[in-house]
Amino acid sequence: MKSPIRSAAIAATTAVVLTACSGKLPHLPDSRIPEPRPSELETVLFMMGDAGEAHRDTDPVMRVMQADVERWSDLMTRDSTIIVLFLGDNVYPAGLHDRTDPLFPEDSAKLQAQVDVVNGRRAREKGVRGIFIPGNHDWGQTRGLVGIDRLHNQDEMLKRRHAEGSPVRMMPSPGTPGPQTIDIGTRLRILLMDSAWWMLTGKDTSKQVVYREMKRAVDNAGTRDVVVAAHHPFRSASSHGGLMPFWSGVGLRYLLNRSGAVLQDLSSLPYRSLTQALLAAFAEHPPLVFAGGHDHNLQVIDGRGGAEPKYILVSGAGSKNDGVGYVKGMRFRHAAAGYMRLMFYRDGRVDLFVISAPGDQTPKCIDPDPAAREKCMVTTANLYSDVYSARLK
């Protein structure tokens, strides 16, 4: 007999697949609000995941995000009010190799492209913080000490850049799950979690500690809005959430997802144990936002009430894009390169802005001629805009 939890999971993911395969996705109403006045704001939180294939000279999204970070660094009147979260899979395909490895130069160039986002003059002057959360690819897609070594490589490079003046660091520390707490101003608490640790190497006794620490952190947040950030999203209407046609991979990938056999899919036992533990931790004080990447697109989803986060954000469009379907409560979906920006007001309001390229694409500029490539970068960067914005609170 199937357990109620397993039956519910299969039913939910099957509904996503059937909707996607029908080609008739529900229409989502457009939403646009004006940008706030900087004097009204307490904190600006940028979020980009899965940027591990991006290069500074070929991926316009990196230049767009750096310019946006510089702009808000200039506009904000107080220092240390801007945080940029890189939501994991910071180095594809297998994390940052050792310095002696032939793959190190390419790996480090990918990470440097993200470091540069927070390395502008105004960002440095205003105390912007760039925080890198590990993802499963940063672990090298492997368990145990080999994966932790890849995290240490990334951490050591970020520490070298920090010593040179770049405001970057890895959180949580390599091989530790978190949650790690950052309180900003009087209205925001960010809880950072290495969800890949849970999937790849976490022991049951250690997971109990994570649950207790997460519960403690959300329960004692007081009047602060809580944003939980990890690589793995709480819910998704894309490939890791079950969006794929049956014939994808001659049906194999579809069947593996249905069976929960793919570790990194929401249907797997470790993933479901993670969301169940989080629901238990959130039982009395659900967070305002749960932000993740993992799926390569942009999604805004309402929580379903109870212990669920009020809003579920998927911001995994840093360097790749995948199709996105529909789940109940979806407010916005977009399968193109981009990132998100949460704006926290002094009076308690919270706004969300999604910045992306037009259409379903991740435009890159790969012309071998430097002048042509630069022209492409400038032209394409100018196409990015706020494609969705809404008041969350």
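The values are calculated or read from the model by the stated rules, or taken from the named source; none is laboratory data. If you're wondering where the values come from, they're calculated on a predicted model, not measured in any experiment. A quick note on method: Cβ atoms are made from the backbone with ideal geometry, for glycine too, and the neighbour counts reach across all protein chains shown. The protein model used for the area step is the full one, side chains on, heavy atoms only, and it has no ligands, DNA or RNA in it. Shrake-Rupley method; radii C 1.70, N 1.55, O 1.52, S 1.80 Å.
Brief remarks on what is shown
- Neighbour net charge for Val209 - beta-carbon separation under 13 angstrom, K R +1, D E -1: +3
- In summary, the aspartates and glutamates within cross-link reach of Lys24, defined as a Cα separation below 20 angstrom excluding same-chain residues under 8 places away, comprise Asp322, Asp360.
- Within the chain, DSSP assigns beta bridges of which about 60% are antiparallel (rounded to the nearest 5).
- Three-way shape label, the chain, alpha-carbon gyration tensor, a/c 1.5: rounded
- Along the chain, the exposed loop sites are GluC sites (Glu not before Pro) outside DSSP states H, G, I, E and B with at most 10 other Cβ atoms within 10 Å, and the longest stretch free of them is 1-163.
- Listed by chain and number, the aspartates and glutamates placed with their C-alpha closer than 20 angstrom to that of Lys328 are Asp30, Asp265, Asp295, Asp302, Glu308; residues fewer than eight positions away on the same chain are left out.
- Normalised per residue, the volume of the convex hull around the Cα set of the range 17-90 (Å³): 163
- For the pair Ala109 and Ser273, the difference between a 0.36 nm per residue extended length and the Cα-Cα distance amounts to 55.5 nm.
- Ranking of His152, His334, His232 by solvent-accessible surface, largest first: His152, His334, His232 (1.4 Å probe, protein heavy atoms only, all chains present).
- Long pairs among Lys364/Lys393; Lys215/Lys310; Lys110/Lys364; Lys203/Lys310; Lys110/Lys159; Lys126/Lys159, criterion Cα-Cα beyond 25 Å: Lys364/Lys393; Lys203/Lys310
- For the chain, the membrane-span-like helices by this rule, meaning whole DSSP H stretches whose C-alpha atoms cover at least 24 Å of axis and whose Kyte-Doolittle mean is 1.0 or above, are 4-22; this says nothing about an actual membrane.
- Residues listed by number, the range 45-62, amide nitrogen under 20 Å from Asn382 label point at 7 Å toward C-beta: 57-62
- Within-12-Å neighbourhood charge of Ile301 [Cβ basis; K, R +1; D, E -1]: +3
- Structural descriptor for the range 285-370: relative contact order 25 percent, calculated from alpha carbon pairs under 8 angstrom and at least 6 residues apart.
- With each label modelled as a point 7 angstrom along the Cα→C-beta vector, the Asp101-Asp204 pair spans 3.3 nm.
- Electrostatic dipole magnitude of the chain [Cβ: Lys, Arg +1; Asp, Glu -1; Cα centre; debye, to 20]: 1040
- Trypsin sites (Lys or Arg not before Pro) within the range 180-222: DSSP coil, no more than 10 neighbouring Cβ in 10 Å: Lys203
- Estimated from the Cβ-Cβ distance and a Förster radius of 51 angstrom, the FRET efficiency linking Asp74 and Ala307 is about 0.80.
- Sulfur and carbon atoms: percent of accessible area, the range 271-336 [1.4 Å]: 50
- Relative contact order, percent, the chain [alpha-carbon distance under 8 Å, six or more residues apart]: 20
- Local charge for Met199 was computed over the other residues whose Cβ lies under 14 Å away, with Lys and Arg +1 and Asp and Glu -1, and equals -1.
- The range 139-170: trypsin sites (Lys or Arg not before Pro) in DSSP coil with no more than 14 other Cβ atoms inside 10 Å: Arg143
- For the range 25-104 and the range 289-326, distance of Cα centres in Å: 15
- Rounded accessible area per residue of the chain, 1.4 Å, Å²: 40
- Cα-derived Rg to Rh of the range 24-150, Kirkwood definition: 1.06
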